[in-house]
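Just below is one structure, and these are the notes that go with it.
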Amino acid sequence: LRGAGVPVAGLWAYEAIRVAARRPRVRVDTDHRTIPAEVNLIGPAVHLDKGCYRGQETVARVHNLGRPPRRLVLLHLDGVSTDQPPAAGTPVTLDDRTVGFVGTAVHHYELGQIALAVVKRNVPEDARLMIGNIATAIDPD
């Protein structure tokens, strides 16, 4: 691969690019209740026309209704409160009410501190969320 004109990069760079692209990593950006539609894995990970499999009813119901109970979002962290990103699994709150959890949090070379989080569907796009004492904003794109 080195000879193919692809620059060599480390794991931190890979993780930062993965988070910026909103690509979840199973068991880090998901929990035991996560269904594929919540984290945009219907296309690459689930075949909707194939035979029976565990969880098929839940996947089909959410696919047909089009509204999973939670969604994966990209958060922009303020970067002023601390230089250490929050740990995976840290609660995300809105008005002192837990509305989700943080998955991967990284420092991106252009975007600064960013993180993937799974939050409740009804959290507004313009909400000012908190992760501990770190203020965050949802990336609307």
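The values are calculated or read from the model by the stated rules, or taken from the named source; none is laboratory data. Here the structure is a predicted model, which means the values were calculated and not measured. No Cβ is skipped: glycine too gets one built from the backbone with ideal geometry, and neighbour counts run over all protein chains shown. Ligands, DNA and RNA are excluded from the accessible area calculation, which covers all protein heavy atoms including side chains. Shrake-Rupley method; radii C 1.70, N 1.55, O 1.52, S 1.80 Å.
Restricting to region 23-40, count the residues that are under 19 Å from Arg67 (Cα atoms) and among the hydrophobic types (A, V, I, L, M, F, W, C).
The number of residues fulfilling the criteria is 3.
Looking at region 114-141, which of its residues are outside any loop (DSSP other than H, G, I, E, B) and open to solvent by less than 20 Å² (accessible area, probe 1.4 Å)?
Going through region 114-141, the residues outside any loop (DSSP other than H, G, I, E, B) turn out to be 114-120, 128-131, 134-138.
Result: Ile114, Ala115, Leu116, Ala117, Val118, Val119, Leu129, Ile131, Ile134, Thr136, Ile138.
In region 67-104, which residues are free of Cβ contacts under 8 Å to residues at least 40 places away in the same chain and open to solvent by less than 30 Å² (accessible area, probe 1.4 Å)?
Within region 67-104, Leu94, Val99, Gly100, Val102 meet the criteria.
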